[in-house]
Amino acid sequence: MGFHVNIHGRHYRTIWLDEDGWGVRVIDQTRLPFHFETVRLSTADEAAHAIRHMTVRGAPLIGATAAYGVALALRVDSSNPALEQALALLGATRPTAVNLHWALARMRRRLIDLPQAERVAAAYAEAGAICDEDVALCHAIGEHGLGVIREIAAKKPGAPVNILTHCNAGWLATVDWGTALAPIYLAHDAGIPVHVWVDETRPRNQGAALTAYELGSHGVPHAVIVDNAGGHLMQHGEVDMVIVGSDRTTATGDVANKIGTYLKALAAKDNGVPFYVALPSPTIDWALRDGLKEIPIEERAGREVTHLFGQGEDGSTGFFQVAAPGSAACNPAFDVTPARLVTGLITERGIAPASAEGLAKLFPEMTSGVAA
Ligand code: MRU
């Protein structure tokens, strides 16, 4: 299992240890889809910068990078104050994806009672375990989601299952496989005809740039659409199901995901299109019950709205202004889809109704409070 990612004939995860055994290497997602480049992270500051500036992004990968960031910090100083400082630095990088706080809390629990001399090795081992587990969780999500795709495929023999997705919840957003895209990869590999509508996902275009890149690399048929096209396609029977990922889901099943997800859920509801959210359990914030009131929504720079990153016809890449010079911009990066609009939560343990009861049944050990 794992090492699903195949770029130029080589298998990659999105994060791995460099040849010297301690530096951390990641794929620079700000350069995709035009350039496949990797970046080395040698300090906690560099790990924090990579998360904040979205060299790495996607909830599970943010958590994995932060975990390695703690290990990098401890190499320099493994004292308690240094550990707490690293946790605070990395914890302040991005506010919405709860996997970040989950990973940091797990690192702290593992390290705080250890003698200093043992901390560095333990930190690397724990970060590695978080990565390995993420691969297994995503693969299990893929298996459960595959069942849903199979059911739809059985109702339209020979015709492709049309799946709409928003943002990038593929292998680039995780350590491998992805969440929303894992069932799609497994379906495609199993010979089920699938076709993916890829929301471009303004303002940063994670759909057009990253999801389309992934699907193209894997040979999955797809078409990029503008964010406003989904409702129209649903009205005309062109969407069999929606699958998206999540950055934070409450214990009651409210789903925070990339801005625009809520509008897709509304359109899906109006058109009777099943709307699934694929998420590993570290994305569930068991302490929260009201997503709209309680999930912090990241506000990003207006420049992401007024400017677009792209490649010119001469092959050079850069930013282009698309908004009228001088106009203000507002850039909330995530929205919350209320549980009532979600058909099911596809987790590593199976598919739960988006409700407190549904999640509690799959995760009975998580009654309340912070994730264990
Ligand atoms: O701002 P990003 O690119 O980090 O946002 C990512 C998303 O919204 C994904 O859909 C989400 O993290 C799920 S990824 C498995």
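The values are calculated or read from the model by the stated rules, or taken from the named source; none is laboratory data. It should be emphasised that the depicted structure is a prediction, and the values quoted were computed from it without experimental measurement. In this analysis, Cβ positions are derived from the backbone assuming ideal geometry, glycine residues included, and neighbour counts consider all displayed protein chains. Only protein heavy atoms, including side chains, enter the accessible area calculation; ligands, DNA and RNA are left aside. Shrake-Rupley method; radii C 1.70, N 1.55, O 1.52, S 1.80 Å.
Charging the Cβ of each Asp and Glu at -1 and of each Lys and Arg at +1, and nothing else, the dipole of the stretch 256-295 about its Cα centre rounds to 100 debye. Computed from backbone phi with θ = phi - 60° and the Karplus coefficients 6.51, -1.76 and 1.60, the 3J(HN,Hα) list for the stretch 303-318 is 4, 5, 8, 7, 10, 10, 8, x, 10, x, 5, 7, x, 7, 9, x Hz; x is used for glycine and proline. For the chain, the longest principal axis of the C-alpha atoms and the axis of helix 59-76 are separated by about 10°.
GNM on the chain, alpha-carbon springs under 10 angstrom: the most fluctuating residue among ALA117, ALA187, ALA287 is ALA117. Radius of gyration over Kirkwood radius for the stretch 186-293, both on Cα atoms: the Rg/Rh ratio is 0.98. Of the residues VAL98, VAL305, VAL273, the one that moves most in a GNM of the chain with alpha-carbon contacts below 10 Å is VAL305. Taken over the chain, the convex hull of the Cα atoms encloses 146 Å³ per residue.
Applying the criteria of a DSSP loop state and at most 13 other Cβ atoms within 10 Å to the GluC sites (Glu not before Pro) of the stretch 251-354 yields GLU313.
Phi-derived couplings, Karplus 6.51 cos²θ - 1.76 cosθ + 1.60 at θ = phi - 60°, listed residue by residue for the stretch 250-256: 6, 5, 9, x, 6, 10, 8 Hz, with x used for Gly and Pro. The 3J(HN,Hα) values that the Karplus relation (6.51, -1.76, 1.60; θ = phi - 60°) gives for the stretch 46-52 are, in residue order, 5, 5, 5, 4, 4, 6, 4 Hz. Gly and Pro appear as x.
The GNM of the chain, with springs linking C-alpha atoms under 10 angstrom apart, assigns the highest mean-square fluctuation among SER217, SER78, SER316 to SER316.
Using Cβ point charges alone (K and R +1, D and E -1), the dipole size of the stretch 156-362 about the Cα centre works out to roughly 380 debye. Separation of the stretch 309-356 and the stretch 236-266, taken as the distance between their Cα centroids, equals 10 angstrom.
Positive-end ranking of ALA265, GLY219, HIS232 along the dipole of the stretch 183-341, with charges on Cβ about the Cα centre, is headed by ALA265. Of the residues HIS144, LEU74, PRO353, the one whose Cα sits farthest toward the positive end of the charge dipole of the chain, with +1 on the Cβ of Lys and Arg and -1 on the Cβ of Asp and Glu, is PRO353.
Here the sum of -39500 (n - 2.57) over DSSP H runs of 4 or more residues, divided by the residues of the chain, equals -11500 deg cm²/dmol at 222 nm, to the nearest 500. Net charge dipole, the chain: roughly 400 debye, given to the nearest 20, about the Cα centre with Cβ charges of +1 for Lys and Arg and -1 for Asp and Glu. Placing VAL196, VAL120 in order of accessible area, with the largest value first and a 1.4 Å probe, yields VAL120, VAL196.
Which loop-located GluC sites (Glu not before Pro) does the stretch 1-68 contain, where loop means any DSSP state but H, G, I, E or B and the Cβ has at most 14 other Cβ atoms within 10 Å? For GluC sites (Glu not before Pro) across the stretch 1-68 that sit outside H, G, I, E and B with at most 14 neighbouring Cβ atoms in 10 Å, the list reads GLU19, GLU37. Can you tell which of HIS188, GLY253, THR165 lies farthest toward the positive end of the dipole of the stretch 156-362, using +1 and -1 charges on the Cβ of basic and acidic side chains (Lys, Arg; Asp, Glu)? So the residue we want is GLY253. Residues whose amide H lies under 5 Å from that of VAL196, counting only those 5 or more places away or on a different chain, are ILE163, HIS222, ALA223; hydrogens are built 1.01 Å from N in the peptide plane. Name the shape class, rounded, prolate or oblate, that the alpha-carbon gyration tensor gives for the stretch 156-362, where a ≥ b ≥ c are the square roots of its eigenvalues, rounded holds for a/c under 1.5, and otherwise prolate holds if a/b is larger than b/c and oblate otherwise. Oblate, since a/c reaches 1.5 and b/c is not below a/b.
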